[in-house]
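> I'd like to ask you about the structure that follows.
The values are calculated or read from the model by the stated rules, or taken from the named source; none is laboratory data. Please read these numbers as outputs of a predicted model, since none were measured by experiment. Please note: Cβ atoms are built from the backbone with ideal geometry, for glycine as well, and neighbour counts cover all protein chains shown. To get the accessible areas, we keep the full protein, side chains included, count just its heavy atoms, and leave off ligands, DNA and RNA. Shrake-Rupley method; radii C 1.70, N 1.55, O 1.52, S 1.80 Å.
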Amino acid sequence: MLIVICDDDRKTASLVEETILDMKLPEVETEVFTSGESIRTWMDSGGKASVYFLDIEIGSTDGVQLAGEIRKKDESALIVFMTQHREHVYKVFECLPFRFMEKPFTEDQVRKVTGECMEYMRTCRKYYFFKEGKCTHQISCDDILYFEGRGRKVCIKTKNGESEFYGKINNVCEELDKSIFLRIHASYIVNMDAIRKVNVTDIMLSDGTVLPVSRSYRDSVQGEHMKYMLWKSGV
């Protein structure tokens, strides 16, 4: 797993990299960039990381804009913003940041945030197993957008298509991690990481799909999604 650090302050970049390497995390590598141009060149050549530690102001580069470019290439990457300006927190939610670290920060803070990144990936990068005929299939929970109950069958809508199996949506709901998946309707369970807009009567997902929110779930949908976003962003 690759962790990228991008900060034009070499001292800060070194602190983050050395702290992560000192944690001796299995199968974790680091890469450091000190300019927006260098990380863009790297991404254009196919570079991709699991976690990005980004300064909000990388020299002449707007770190928020850079995060948006990362998000377009990889919806599942975790982005940790490093900033001296707390007020920036509220203008970056479209980039779906995972955490913020306010400068100057300590090695303990880097270890804490890195540990939270690892725990989130262990939690959210699980698999959902289902049977289709005589075959057992697995789908990464990270790829699932939502489940839909269709009579005696359940449809799993993913980023790359859909699968269908015999089952009940109520049973699926009991099997899923409630910290990631949210029931919004008698027929729908959604991955909260895929939600991009929450309205009173419906939600919009990352692929543009709009799903209805039934009256009985409205209060819980707004409350649980807000808790999820605050937890994910560390605010």
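> Only one of these conditions is not met by LYS126: (1) in contact (Cβ under 8 Å) with a residue 24 or more places away in the chain; (2) open to solvent by less than 20 Å² (accessible area, probe 1.4 Å). Which number is it?
If we test LYS126 against (1) in contact (Cβ under 8 Å) with a residue 24 or more places away in the chain; (2) open to solvent by less than 20 Å² (accessible area, probe 1.4 Å), just (2) comes out false.
> Here's something else I'd like to know. Could you please find all residues in the stretch 194-212 being open to solvent by 30 Å² or more (accessible area, probe 1.4 Å) and either in contact (Cβ under 8 Å) with a residue 60 or more places away in the chain or assigned to a helix (DSSP H, G or I) (or both)?
If the condition is that a residue be open to solvent by 30 Å² or more (accessible area, probe 1.4 Å) and either in contact (Cβ under 8 Å) with a residue 60 or more places away in the chain or assigned to a helix (DSSP H, G or I) (or both), then SER206, ASP207, THR209 are the ones that fit.
> Still on this model: Hey, could you check the stretch 140-175 for residues that are under 17 Å from the mean Cα position of the chain (by Cα) and in contact (Cβ under 8 Å) with a residue 24 or more places away in the chain and say which is nearest to LEU78 (Cα to Cα)?
ASP142
> Which members of the stretch 45-72 meet the condition of being assigned to a helix (DSSP H, G or I) and either of a type in the set (A, V, I, L, M) or crowded, with 19+ Cβ neighbours inside 10 Å (or both)?
GLY63, VAL64, LEU66, ALA67, ILE70
> Could you list, in sequence order, the residues of the stretch 109-149 that are closer than 19 Å to ASP207 by Cβ, not hydrophobic (A, V, I, L, M, F, W, C) and not in a helix (DSSP H, G or I)? Spell out how you get there, then give the answer.
If we filter the stretch 109-149 for residues that are closer than 19 Å to ASP207 by Cβ, which is where we start, we get 124, 128, 139-148.
Going one step further and asking which of them are not hydrophobic (A, V, I, L, M, F, W, C), we end up with 128, 140, 142-143, 146, 148.
Once the filter is applied, which keeps residues that are closer than 19 Å to ASP207 by Cβ, not hydrophobic (A, V, I, L, M, F, W, C) and not in a helix (DSSP H, G or I), the stretch 109-149 yields TYR128, SER140, TYR146, GLU148.
> Does ARG215 satisfy the condition of being surrounded by fewer than 15 Cβ atoms within 10 Å (Cβ to Cβ), on the phi < 0 side of the Ramachandran plot and either at pLDDT 95 or above or of a type in the set (D, E, K, R) (or both)?
Numbers: surrounded by fewer than 15 Cβ atoms within 10 Å (Cβ to Cβ): yes; on the phi < 0 side of the Ramachandran plot: yes; either at pLDDT 95 or above or of a type in the set (D, E, K, R) (or both): yes.
Yes, satisfied.
> Shifting gears a bit: Just the residues that are assigned to a helix (DSSP H, G or I) and among the charged types (D, E, K, R), please, taken from the stretch 150-186.
GLU174, GLU175
> Just checking, which of GLU132, GLU107 is out of contact with any Cys (no Cβ under 6 Å at 6 or more places or on another chain), at pLDDT 90 or above and open to solvent by 50 Å² or more (accessible area, probe 1.4 Å)?
Only one candidate passes the filter, namely GLU107.
> Check GLY234, GLY151 and return the single one that is open to solvent by 20 Å² or more (accessible area, probe 1.4 Å) and modelled with pLDDT under 90.
GLY234
> List the pairs whose first member sits in the stretch 16-31 and is within 14 Å of CYS6 (Cβ to Cβ), whose second member is among the aromatic types (Phe, Trp, Tyr), and whose Cβ atoms are under 8 Å apart, counting only residues at least 6 apart or on separate chains?
Listed pairs, sorted by first residue: VAL16/PHE53; GLU31/TRP42.
> Under 7 Å by Cβ, and 6 or more places apart or on different chains, what pairs join a residue from the stretch 64-76 that is of a type in the set (Ser, Thr, Tyr) with one that is assigned to a helix (DSSP H, G or I)?
Going by the 7 Å Cβ cut-off, the qualifying pairs are SER76/ASP142.
> What residue, of GLU75, GLU87, GLU94, is part of a loop (DSSP other than H, G, I, E, B), open to solvent by 20 Å² or more (accessible area, probe 1.4 Å) and modelled with pLDDT under 85?
GLU75
> All but one of (1) touching a residue at least 40 places away in the same chain (Cβ under 8 Å); (2) part of a helix (DSSP H, G or I); (3) among the aromatic types (Phe, Trp, Tyr) hold for TRP42; state the number of the condition that does not hold.
It is condition (1) that TRP42 fails.
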